[in-house]
Amino acid sequence: MKRSLTILYASLLLVAIGISVQAQISIPTNGYLPSPGTTQETASSDSVDQAFFDAAVAGSGNQTWDFSGVDFPDMYTTLVVEPSTAPFPDSFPGANVVTLNLQGSGSADSMWSYTVSLPTSLSFVGSAAKVSGFGWFVETYDTKTPDFVFPLQYGNTWTTVSNKSSSSFGVLAESFDTTFNEVDAWGTITYDGQTVNCLRVAFTERITVIQSFNGTPISTDVSTLEGAFFIGAGPELLAVVEKSSVGGFTWYYGSISGSLLGTPTDVRENDRDNLPEGFGLAQNYPNPFNPTTEIQFSLPSSGQVRLEVYNVLGQLTNVLVDRYLSAGSYTAEWNGTDQSGAKVSSGVYFYRLTTGEFSEARKMLLLK
């Protein structure tokens, strides 16, 4: 269940580097209600080990966490959709945030996640997956209490309870899930030159699965999941670290929000009502410019997109966009800095847009 939340919110190596005096932050109400058409990114890693996990959950109260230098090789991108257009809307009453995983979902052709987002609570209420040759698999809960309650502030505790059942070939599987949550630390989280205030929510989850046939229990499996969420204002799920234990085996997992991945400029989506018929890269405006300029481009289909800036020597200066984007028209901004955030000198620069099907470059002039 926690892994589903990681992929949804829209998902680590965390090293505590000491304690500094930081003001406590609180999140008075839940403002998570992204508009349909927006994308959310999460980078993850299955190579997190015990030392990384222990550093992530160590201490309490005022803390400082540094994610710098950590590699998160697996990128997930989810698209927020209009709930009424998603499959099985009647199975998830009240779900007002629905996301589609755009990166593929392992054996699933498509994976949809459903959330009920209210001012005082946030609840993941189920998922739907379509698998070739097998059809749809819809997961709903018989009982579900909120995953997060607001206001969210240091010292808060609450318990999340979720129960579900499913039947296949005459075997009934019942899952009983209880999670204890505590906001046990606050401070700052740093990654790729960005520092954000956050709360740490420690959790301990116990999952019991009972299988029975014709009313007779045939197996009982118990697993545990523990770890921490790092949550910024909004709220935004900035990072997650998890430790899963079942049958004497232990796995570690971590993730980080795409907002901390450090692109010096962002890309915003323009009008989606009229999708472009072909790829396009416009001349930047203004040109010449100082200190910032905008670059517009269009995509007739979804895919991985990279927008780079080079100097006259052909050296890479900055990467403005490197992510999966849906079809549409977009605008990226460059503020005249290199990848480290330092201001570059006046002169001629080139920007290049590359997708799996298209590549084009244009020239621009920075004057100071």
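Each residue of segment 37-45 was assigned a 3J(HN,Hα) from its phi angle through the Karplus expression (A = 6.51, B = -1.76, C = 1.60, θ = phi - 60°), giving x, 7, 10, 10, 10, 9, 9, 9, 8 Hz with x at Gly and Pro.
In sequence order, what are the phi-derived ³J(HN,Hα) couplings for segment 330-342 according to the Karplus relation 6.51 cos²θ - 1.76 cosθ + 1.60 with θ = phi - 60°, rounded to whole Hz, with x for glycine and proline? Once θ is set to phi - 60°, the couplings for segment 330-342 become 9, 10, 10, 10, 10, 9, x, 10, 8, 5, 8, x, 7 Hz. The H on the amide N of Leu102, modeled in the peptide plane, is under 5 Å from the matching H of Thr77, Thr78, Leu79, each at least 5 residues off or on a different chain. Near Lys130: Cβ cut-off under 13 Å, other residues only, Lys/Arg at +1 and Asp/Glu at -1. The net charge is -2. Relative to its Kirkwood radius, the Cα radius of gyration of segment 267-366 gives an Rg/Rh of 0.96. Take the Cα pairs of segment 59-211, get the Kirkwood Rh, then feed it into Stokes-Einstein at 4 °C and 1.567 mPa s and tell me D in µm²/s. This corresponds to a translational diffusion coefficient of 72 µm²/s.
In units of 2.2 N^0.38 Å, what is the alpha-carbon radius of gyration of the chain? Don't jump to the answer; show the numbers that get you there.
On the way: Rg = 22.6 Å, N = 368, 2.2 N^0.38 = 20.8 Å.
Working it through for the chain, the quotient is 1.09.
List nothing, just return the count: lysine pairs in the chain, 8 or more apart or interchain, with Cα separation under 19 Å. So the count of such lysine pairs works out to 6. Rounded to the nearest 0.05, the FRET efficiency derived from the C-beta distance between Thr159 and Asp322 at R0 = 45 Å is 0.65.
With a Förster radius of 45 Å, plug the Cβ-Cβ distance of Thr120 and Gln315 into 1/(1 + (r/R0)^6) and report the FRET value to the nearest 0.05. Step by step, r from the Cβ atoms, then E = 0.30.
Highest-first packing order for the peptide set 149-161, 66-78 is 66-78, 149-161, based on the mean count of other beta carbon atoms within 10 Å. Count Lys and Arg as plus one, Asp and Glu as minus one, and take only other residues whose Cβ is under 14 Å from that of Ser212; the net charge is then -2. Note that segment 286-293 has calculated 3J(HN,Hα) couplings of x, 8, x, 9, 5, x, 10, 8 Hz, one per residue in order, obtained from phi through the Karplus relation 6.51 cos²θ - 1.76 cosθ + 1.60 (θ = phi - 60°); glycine and proline are x. Count Lys and Arg as plus one, Asp and Glu as minus one, and take only other residues whose Cβ is under 12 Å from that of Thr115; the net charge is then 0.
No value in this document is a laboratory result; all are computed from the given coordinates. The shown structure was predicted, so the numbers you read here are calculated from the model rather than taken from an experiment. FYI the Cβ positions are ideal-geometry reconstructions off the backbone, even for glycines, and counts take in every protein chain you see.
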